[in-house]
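The values are calculated or read from the model by the stated rules, or taken from the named source; none is laboratory data. Keep in mind that this is a model prediction, so the values were computed, not measured. Please note: Cβ atoms are built from the backbone with ideal geometry, for glycine as well, and neighbour counts cover all protein chains shown.
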């Protein structure tokens, strides 16, 4: 029987999240800052972020779109996702740094050609970003999506049912397990019951 992998973790500390954003904005390619910022602000799986093109986020006049429309890889269903101020700012940063005029250019192009980054490359990037700010544990592609859910639930008081719906989960228990909040509750209880 194959051993089940340990799931990747969300970034739980808002200060660490902001530290990653600062490092990426100041020292990394604009592509990396955009990938991280869109990932933690849209809750989209990496597989749905990687094929995005300039035309998906910037209109014909060069203005940032406030709504992202895309068909997801898992269901093929059309989704409309509102791009918040942080996502819009990251898109403007990308466009100003990259100066791309090709509307069909990939946002998350690999350095080796015209193909998008692959999941292994994204895994390495996210792990590097997390390690750079002192995070330990397992991080990867789902970290960005999980971070949105965790921050929404724990730091922004978004009700569990709304987080569950945004992540496309069928039950609240599935969402709690996905975000690792059950482990947080157990640790809190372990600290609280100090006999």
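List of remarks:
- Residue count for region 52-71 satisfying the condition of being in contact with a strand residue (DSSP E or B) (Cβ under 6 Å, 6 or more places away or on another chain) and loosely packed, with under 15 Cβ neighbours inside 10 Å: 3.
- Residue in region 95-107 that is free of Cβ contacts under 8 Å to residues at least 12 places away in the same chain, exposed (fewer than 11 other Cβ atoms within 10 Å of the Cβ) and in a strand (DSSP E or B) present: no
- Residue match in region 12-30 (condition: within 14 Å of the chain's Cα centre (by Cα), at pLDDT 95 or above, at negative phi and in a loop (DSSP other than H, G, I, E, B)): yes
- Some residue of region 34-51 being over 28 Å from residue 80 (Cα atoms), part of a helix (DSSP H, G or I) and without any contact (Cβ under 8 Å) to a residue 60 or more places away in the chain: no
- Scanning region 11-27 for residues that are surrounded by 19 or more Cβ atoms within 10 Å (Cβ to Cβ) and either over 15 Å from residue 148 (Cβ atoms) or touching a strand residue (DSSP E or B) at 6+ places or on another chain (Cβ under 8 Å) (or both) yields a single hit, 24.
- Flag for residue 140 being surrounded by 15 or more Cβ atoms within 10 Å (Cβ to Cβ) and more than 28 Å from residue 63 (Cα to Cα): yes
- Test: residue 56 is assigned to a helix (DSSP H, G or I) and closer than 17 Å to residue 127 by Cβ: no
- Filtered residues of region 110-131 (kept if more than 17 Å from the chain's Cα centre (by Cα) and either part of a helix (DSSP H, G or I) or buried (at least 18 other Cβ atoms within 10 Å of the Cβ) (or both)): none
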